[in-house]
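Here is the structure we will look at.
The values are calculated or read from the model by the stated rules, or taken from the named source; none is laboratory data. Only a predicted model underlies this, so the values are computations on that prediction, with no experimental measurement involved. Don't worry about glycine lacking a Cβ; one is built from the backbone with ideal geometry, like all the others, and counts go over all protein chains shown.
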Amino acid sequence: MRFSRSGNRWLSRNFDELDYGVTTGPASVLTWSVGYFLHAWTSRLWLRSCIRVLTRIALGCMTLFDPMLARRTAALDAIGSHYFIGSRSEHQTITPREMIAYYLGADSRK
């Protein structure tokens, strides 16, 4: 399963957050999405391989923007994967009300 940053934080609510980071950014997600969209049109293996190569050639350079985008809170809604490092706590470290403030994406109401 794939959870959002907030979803993973809630699942890890009995841990103190030590670190969080983006491992796959929005540009990589866009490249994958275009590739899989084009794959949906054929089941021929050779054509799917060609699509994969051409998509990576055409859009692969965009993935160079991922490190820059990973620092922008508006891009957090579009990341492909992230990590959470925490330390076990004896109590719940974040409440449901605090979860609302934890969200940092583009639609944040802060």
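Can you give me the number of residues within the stretch 1-17 that are among the charged types (D, E, K, R), under 12 Å from the mean Cα position of the chain (by Cα) and either over 20 Å from Tyr102 (Cβ atoms) or not in a helix (DSSP H, G or I) (or both)?
1
Please go through the stretch 74-99 and pick out each residue that is outside any strand (DSSP E or B) and either of a type in the set (A, V, I, L, M, F, W, C) or within 16 Å of the chain's Cα centre (by Cα) (or both). Show your work before the answer.
As a first pass, look at the stretch 74-99 and keep what is outside any strand (DSSP E or B): 74-80, 89-99.
Those that are outside any strand (DSSP E or B) and either of a type in the set (A, V, I, L, M, F, W, C) or within 16 Å of the chain's Cα centre (by Cα) (or both): Ala74, Ala75, Leu76, Asp77, Ala78, Ile79, Gly80, Ile94, Met99.
Quick check on Ala58: is it touching a strand residue (DSSP E or B) at 6+ places or on another chain (Cβ under 8 Å) and free of Cβ contacts under 8 Å to residues at least 60 places away in the same chain?
no
Confirm whether Tyr20 is assigned to a helix (DSSP H, G or I) and of a type outside the set (D, E, K, R). Can you show your working first?
Details: assigned to a helix (DSSP H, G or I): no; of a type outside the set (D, E, K, R): yes.
In short, no.
When the stretch 74-109 is examined, which residues are found to be touching a Leu at 6+ places or on another chain (Cβ under 7 Å) and at pLDDT below 85?
Leu104, Gly105
Looking at the structure I just gave you, is Ile57 among the aliphatic types (A, V, I, L, M), buried (at least 16 other Cβ atoms within 10 Å of the Cβ) and outside the structural domain of Ala78 (by TED's automatic domain parsing)?
Numbers: among the aliphatic types (A, V, I, L, M): yes; buried (at least 16 other Cβ atoms within 10 Å of the Cβ): no; outside the structural domain of Ala78 (by TED's automatic domain parsing): yes.
So Ile57 fails the test.
For the stretch 47-80, give me each residue that is within 18 Å of Asp107 (Cα to Cα) and charged (D, E, K, R).
Matches in the stretch 47-80: Arg71, Arg72, Asp77.
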